[in-house]
Amino acid sequence: MKNNIVGWFEIPVKDMERAIRFYETILDVRLTPVKILSFEMAMFPEIEGGLGCSGALMLQNKDFIPSREGVLIYITPPSGDLANELSKVDAAGGIVLQEKELITEEIGYWGIFLDTEGNRIGIHSRK
C-alpha cells in the first residue's frame, strides 16, 4: 500500500461561521470557505506531501448531520502537543470530553472534545 487509508474527511456543521471560528481558534489555522457543487464547505489547510489527509467542514443537509455518535476522527494538532489545542476548546465554545492521556509511549497521546456543532472529535499527538 502506498498511501494511508484515509483520503479525506468531512465534519457536518449547523452554523458554518460559528464552526469556522471554533476550529480556527483551537487549531490556530485558517479555513477556506468554498462552494463545491451545491455544498457549502470550509476547507482545512492541506500540506502537500505531508502525512495524513485534509478535510472540510460541511454545512448540514439531509445527508450531513452533526452527531456525538458514529465515526470518530482524530485531528493532528498543528502545535505538536494536543494539550495546547485542548486548552482552547472550552473558551471557544466546545467541551473537553477526554483530557490528554497517554495511550502508549509508541503511539502517543489522545483526547476528545465536543465541537460547537455537537460533533465528537478526537485529537492525537506523539508528545
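Values in this text are rule-based calculations from the coordinates and carry no lab data. Please read all numbers here as calculations on a predicted model, not as lab measurements. Cβ sites come from the backbone with ideal geometry, for glycine too, and all protein chains shown count toward neighbours.
Given the pairs Lys35/Lys62; Lys2/Lys62; Lys2/Lys35, which span a C-alpha to C-alpha distance of over 23 angstrom in this model?
Details: Lys35/Lys62 17 Å; Lys2/Lys62 34 Å; Lys2/Lys35 31 Å.
Correct reply: Lys2/Lys62; Lys2/Lys35.
Give me the one-decimal nm value for the distance between modelled label points at Cys53 and Val34, 7 Å along each residue's Cα-to-Cβ direction.
Taking the simple label geometry, Cys53 and Val34 are separated by 1.5 nm.
What 222 nm value per residue comes from the helices of the chain, counting each DSSP H run with n ≥ 4 as -39,500 (n - 2.57) and dividing by all residues, nearest 500 deg cm²/dmol? Provide the component values of the computation, followed by the final result.
Numbers: 2 runs with 20 residues, N = 127.
Rounded to the nearest 500, it is -4500 deg cm²/dmol.
Once both axes come from the Cα atoms, what is the angle between helix 16-27 and the longest principal axis of the chain, in degrees from 0 to 90, rounded to 10?
Its long axis makes an angle of about 20 degrees.
Please give me the summed charge of the neighbours of Leu27: other residues whose Cβ is under 12 Å from its Cβ, Lys and Arg +1, Asp and Glu -1.
Values: positive: Arg21, Arg30, Lys88; negative: Glu24, Asp28, Glu85, Asp115.
Summing Lys/Arg as +1 and Asp/Glu as -1 gives -1.
If the chain were replaced by its equivalent ellipsoid, with semi-axes equal to the square roots of 5 times the Cα gyration tensor eigenvalues, what would those be, largest first, whole Å? Present the calculation step by step, with values, prior to reporting the outcome.
Working: eigenvalues 102, 65, 38 Å².
Output for the chain: semi-axes of 23, 18, 14 Å.
Tell me the net charge near Thr104. Cut-off is 15 Å between Cβ atoms, Thr104 excluded, with +1 for each Lys or Arg and -1 for each Asp or Glu. Intermediate results must be reported in sequence, preceding the final value.
Values: positive: Lys100, Arg126, Lys127; negative: Glu101, Glu105, Glu106.
Net charge around Thr104: 0.
Report the antiparallel proportion of the DSSP beta bridges in the chain as a percent, rounded to a multiple of 5.
On the way: 21 of 28 bridges.
So the antiparallel bridges in the chain amount to around 75 percent.
Mind jotting down the distance between the C-alpha centroids of the stretch 60-127 and the stretch 1-42, whole Å?
The stretch 1-42 and the stretch 60-127 have Cα centres separated by 14 Å.
Could you work out the relative contact order of the stretch 9-125? I mean the mean sequence separation of Cα pairs under 8 Å and 6+ apart, divided by the number of residues, in percent. Kindly include the intermediate steps, with their values, before the conclusion.
Values: 228 pairs, mean separation 32.4, N = 117.
About 28 percent, as a whole number.
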